[in-house]
1. Go through (1) touching a Pro at 6+ places or on another chain (Cβ under 6 Å); (2) modelled with pLDDT of 90 or more for Lys48 and report which single condition fails.
2. Across region 11-34, what is the number of residues that are hydrophobic (A, V, I, L, M, F, W, C) and in a loop (DSSP other than H, G, I, E, B)?
3. With modelled with pLDDT of 90 or more, more than 20 Å from Arg16 (Cα to Cα) and surrounded by 14 or more Cβ atoms within 10 Å (Cβ to Cβ) as the only criterion, which of Arg87, Arg82 stands out?
4. Can you find, within region 61-79, the residue that is surrounded by the fewest Cβ atoms within 10 Å (Cβ to Cβ) among those that are among the small types (Gly, Ala, Ser) and not in a strand (DSSP E or B)?
5. List the number of the failed condition for Thr32; all other conditions in (1) loosely packed, with under 15 Cβ neighbours inside 10 Å; (2) more than 15 Å from Glu102 (Cβ to Cβ) hold.
6. Return the residues of region 37-59 that are small (Gly, Ala, Ser) and either in a strand (DSSP E or B) or surrounded by 10 or more Cβ atoms within 10 Å (Cβ to Cβ) (or both); say none if nothing qualifies.
7. How about region 20-41: which of its residues are more than 21 Å from Arg80 (Cβ to Cβ) and either touching a residue at least 12 places away in the same chain (Cβ under 8 Å) or in contact with a helix residue (DSSP H, G or I) (Cβ under 6 Å, 6 or more places away or on another chain) (or both)?
8. Can you tell me which residue in region 80-101 is nearest to Gln12 (Cα to Cα), limited to those that are in a loop (DSSP other than H, G, I, E, B) and small (Gly, Ala, Ser)?
Amino acid sequence: MLGLNKVIIIGQVSERAELRYTPEGVAVVCFTVTICRPFAAPGGRALKEMDSFPVVAWRELAERCEDELQPGSDVHVEGRLRNHTWRDALGRQMSRAEIIAERIVMLDTDEPAETQGRYDYDYQWRE
């Protein structure tokens, strides 16, 4: 049976996108998107729940993210969820879930609608 691994989030960029290159020269950028979800607590008091998700983009998409994404920017991210595992400097097994971006759309641009396409980065990449 085929599975489906699709993630769509809309939130704010929490930190400056960090662009690096692999030893093979492939661009990769990491940043975090924070989503604020309001809800009503018992008694009707309004509260907010914050969730932050690590996002990873590769190649041309990574380079564009580094140029355009600023902390506080509203962004739409589409991609897939990946469980990344590695060993730290002490040899401990580490793990985290991260979103591998396939499409990123800047939502808070002041550009006219006819030129906003340059902020819509769609890059199909397969591992």
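1. (2)
2. At the first step, the residues of region 11-34 found to be hydrophobic (A, V, I, L, M, F, W, C) are 13, 17, 19, 26-31, 33.
Now restrict to residues that are in a loop (DSSP other than H, G, I, E, B): 17, 26.
So the count comes out to 2.
3. Selected residue: Arg82, the only one of Arg87, Arg82 that is modelled with pLDDT of 90 or more, more than 20 Å from Arg16 (Cα to Cα) and surrounded by 14 or more Cβ atoms within 10 Å (Cβ to Cβ).
4. So the residue we want is Gly72.
5. Just one mismatch for Thr32, condition (1).
6. Selection gives Ala40, Ala46, Ser52, Ala57.
7. Cys36, Arg37
8. Residues of region 80-101 that are in a loop (DSSP other than H, G, I, E, B), as a first pass: 88-92.
Next cut, small (Gly, Ala, Ser) only: 89, 91.
On the way: Ala89: 31, Gly91: 34 Å.
Step by step, filter region 80-101, then rank; the result is Ala89.
The values are calculated or read from the model by the stated rules, or taken from the named source; none is laboratory data. This one's a predicted model, so the numbers in the text were calculated from it and none came from an experiment. Heads up, the Cβs are rebuilt from the backbone with ideal geometry, glycines too, and the neighbour counts pull from every protein chain shown.
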